[in-house]
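Chemist: To start, I am sharing the structure in question, which I have written as structure tokens.
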Amino acid sequence: MSSKVAIVTGANKGIGQSLVRRLALEHTFSSLTIYLTARDAVRGERALRDVRAALEAEGAAGRSEVRFATCDVADVGSIRGLRSWVEKEVGGVDILVNNAGIGDEFHGLPTTPSLAEETIRINYYGLLNMCETFLPILRPSARIVNLSSGVGKLYNLGSRDLEREFRSKDLSVERLNALVDQFVDDVRTGTYQTRGWPGSWPAYSVSKIAVIALTGVLAHQLVGDPREIAVHVCDPGWTRTDMGGETAPKSADQGAQTPIFLALSPEASATSLAGNGRFWGNNRVTAW
Ligand SMILES: NC(=O)c1ccc[n+]([C@@H]2O[C@H](COP(=O)([O-])OP(=O)(O)OC[C@H]3O[C@@H](n4cnc5c(N)ncnc54)[C@H](OP(=O)(O)O)[C@@H]3O)[C@@H](O)[C@H]2O)c1
């Protein structure tokens, strides 16, 4: 088994931090270097210390090397900087987990134009820019694991025309960008409710619908790529984090379960029976 490299975005707390620790504990490669990335260096370095201490306490300190690198997914320059750094240090990437996200509407903030724009910029465009920037340096059999949500399911839309657009076999990244930009415009003009965008947590929900649709588009683009790259999207389930709140049923480690499965299990390779570009929950392909 060869030496591998993983990147996790938004890993300074919550599910992302658990993902780093569980990857370090559960991989079966000869060695694994994991980049714990965060937009804030102080929070990221603190998380790095916590993860290293936890691994030490679990007797697994030598199984993986965990490094910190800054990455603000809302900033293309920051993403490109991470790619240059990783390329210089280790040459390529085997596992990319796009975990970073915001959900300000869950904290009671109203869906203003600036909230909608920021949510789409981080949750959708940030993830898209991570995928597009890192695709050229993904190694054979690499995996991309995208974090979406149960509120990214299409029944949250109140318009069958919108649903058809997101489901379309001809969907492209350009069309998807136009759809999410239309949502932000509709928030700006106060028409988003009448146009059939989701009624609850609309900005977060649209961003996560778009992430699921994008994963399908990427899988389509990867057909014929000799590297046989897997790209998956999942709902981690309602999880006790700053985003999910204290009453959520899952711990952060349990929330990390499905993304870890998709990153490591042979059942989630690009050539597995489950197929590429699918939406997963509880370690199974699930209905979108
Ligand atoms: N918790 C749930 O119940 C639940 C359910 C379904 C889906 N999810 C999804 O699971 C993922 C992780 O959620 P969580 O519950 O662990 O949330 P969380 O505790 O709020 O953590 C979110 C992480 O994303 C980071 N982040 C936000 N904006 C960023 C940016 N521009 N660049 C880089 N990092 C950024 C945050 O960094 P800062 O500390 O700097 O803000 C934090 O590290 C998210 O994609 C979320 O939508 C969560």
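The values are calculated or read from the model by the stated rules, or taken from the named source; none is laboratory data. Here the structure is a predicted model, which means the values were calculated and not measured. Cβ sites come from the backbone with ideal geometry, for glycine too, and all protein chains shown count toward neighbours. Side chains included, ligands, DNA and RNA excluded: accessible areas come from the protein's heavy atoms. Shrake-Rupley method; radii C 1.70, N 1.55, O 1.52, S 1.80 Å.
Chemist: What pairs come up if the first residue lies in the range 27-38 and is open to solvent by 10 Å² or more (accessible area, probe 1.4 Å), the second is not polar (S, T, N, Q), and their beta carbons are under 7 Å apart, counting only those six or more places apart or on different chains?
Modeler: Thr28/Met1; Phe29/Met1; Phe29/Lys4; Ser30/Met1; Thr33/Val5; Thr33/Glu65; Thr33/Arg67; Thr33/Val90
Chemist: Kindly evaluate Ser141 against the criterion of being surrounded by 21 or more Cβ atoms within 10 Å (Cβ to Cβ) and within 23 Å of Arg284 (Cα to Cα).
Modeler: Considered against the rule, which asks whether it is surrounded by 21 or more Cβ atoms within 10 Å (Cβ to Cβ) and within 23 Å of Arg284 (Cα to Cα), Ser141 comes out as no.
Chemist: If I filter the range 60-86 down to residues being modelled with pLDDT of 95 or more and part of a loop (DSSP other than H, G, I, E, B), which single residue comes out as most open to solvent (accessible area, probe 1.4 Å)?
Modeler: Asp75
Chemist: Does the range 277-287 hold any residues that are under 17 Å from Ile144 (Cβ atoms), open to solvent by 30 Å² or more (accessible area, probe 1.4 Å) and in contact with a strand residue (DSSP E or B) (Cβ under 6 Å, 6 or more places away or on another chain), and which are they?
Modeler: Arg278
Chemist: Residues in the range 1-31 that are away from the ligand (no atom under 16 Å from the Cβ) and assigned to a loop (DSSP other than H, G, I, E, B): how many?
Modeler: 6
Chemist: Still on this structure: Out of all the residues in the range 87-138, which are open to solvent by 20 Å² or more (accessible area, probe 1.4 Å), touching a Leu at 6+ places or on another chain (Cβ under 6 Å) and of a type in the set (S, T, N, Q)?
Modeler: Matches in the range 87-138: Asn99 only.
Chemist: Taking the range 193-217 as the search range and keeping residues that are touching an Asp or Glu at 6+ places or on another chain (Cβ under 9 Å) and part of a loop (DSSP other than H, G, I, E, B), which one is nearest to the ligand (Cβ to nearest atom)?
Modeler: That would be Trp201.
Chemist: Do the conditions hold for His220, that is, is it outside any loop (DSSP other than H, G, I, E, B) and open to solvent by 70 Å² or more (accessible area, probe 1.4 Å)?
Modeler: For His220, the condition - outside any loop (DSSP other than H, G, I, E, B) and open to solvent by 70 Å² or more (accessible area, probe 1.4 Å) - is met.
Chemist: Go over the candidates Arg46, Arg80 one by one and state the one that is of a type outside the set (A, V, I, L, M) and touching a helix residue (DSSP H, G or I) at 6+ places or on another chain (Cβ under 9 Å).
Modeler: Of the residues listed, the single one that is of a type outside the set (A, V, I, L, M) and touching a helix residue (DSSP H, G or I) at 6+ places or on another chain (Cβ under 9 Å) is Arg80.
Chemist: Among the candidates Ile229, Ile260, which residue alone is surrounded by 15 or more Cβ atoms within 10 Å (Cβ to Cβ), closer than 15 Å to Ile95 by Cβ and more than 16 Å from the ligand (Cβ to nearest atom)?
Modeler: Ile229
Chemist: Somewhere in the range 124-144, is a residue within 19 Å of His232 (Cβ to Cβ), in contact with a Pro (Cβ under 6 Å, 6 or more places away or on another chain), part of a strand (DSSP E or B) and not hydroxyl-bearing (Ser, Thr, Tyr)?
Modeler: No, there is no match, as no residue in the range 124-144 is within 19 Å of His232 (Cβ to Cβ), in contact with a Pro (Cβ under 6 Å, 6 or more places away or on another chain), part of a strand (DSSP E or B) and not hydroxyl-bearing (Ser, Thr, Tyr).
Chemist: Could you run through the range 232-257 and say how many residues are closer than 15 Å to Ser148 by Cβ and within 10 Å of the ligand (Cβ to nearest atom)?
Modeler: Here the count works out to 10.
Chemist: Count, please, the residues in the range 39-93 that happen to be among the polar types (S, T, N, Q), in contact (Cβ under 8 Å) with a residue 40 or more places away in the chain and within 16 Å of the ligand (Cβ to nearest atom).
Modeler: Selection size over the range 39-93: 0.
Chemist: Could you count how many residues in the range 134-178 are of a type in the set (A, V, I, L, M, F, W, C), more than 16 Å from the ligand (Cβ to nearest atom) and in contact with a strand residue (DSSP E or B) (Cβ under 9 Å, 6 or more places away or on another chain)?
Modeler: Qualifying residue count, the range 134-178: 4.
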